[in-house]
1. Can you run down the residue pairs with Cβ atoms below 6 Å, 6 or more apart or on separate chains, where the first is in region 83-112 and at negative phi and surrounded by 12 or more Cβ atoms within 10 Å (Cβ to Cβ) and the partner is at pLDDT 60 or above and assigned to a loop (DSSP other than H, G, I, E, B)?
2. Just checking, how many residues over region 10-43 are at pLDDT 80 or above, more than 11 Å from the chain's Cα centre (by Cα) and assigned to a helix (DSSP H, G or I)?
């Protein structure tokens, strides 16, 4: 792959993580750069690892991964999205000091994995065309780190305006991404 193709692929792989990060940032009480970097690091590492896993699986079991990746992404993203919507509606109106200052580590890991399923599928495809996965995975991970870090801070700005509705919108967005992945793979889009 040439550098332009790698850059475009990296950008495409980071967009859903960016959208999730905006929702995560909006749900926090004025996230600091340290929380943005933490979230970006978690998402970036996961997004760099999943294409390598997909590449390895692609070398041995491409048909199995390609046949189910959209269902895995759909279930995880819609499940997380519905959880965010539920939390947004269920949460009573909070006073300014009661919002979270950071998200739990495992919630970020699960969200990062859910938004990186497509990168795993890309890894499978790259294995089939014999691409060196390491520079591609590093580029995807770095681009995701930057996008998610920026997304958390964008969410911070939106959070001051949107309040608890940002969590609901972020959940709807995640569920929508999951549905779009499923529809794309089923040929409806």
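1. 99/29; 100/28
2. Matching residues across region 10-43 total 10.
The values are calculated or read from the model by the stated rules, or taken from the named source; none is laboratory data. Since the model is a prediction, treat every value here as computed from it, not as a measurement. Please note: Cβ atoms are built from the backbone with ideal geometry, for glycine as well, and neighbour counts cover all protein chains shown.
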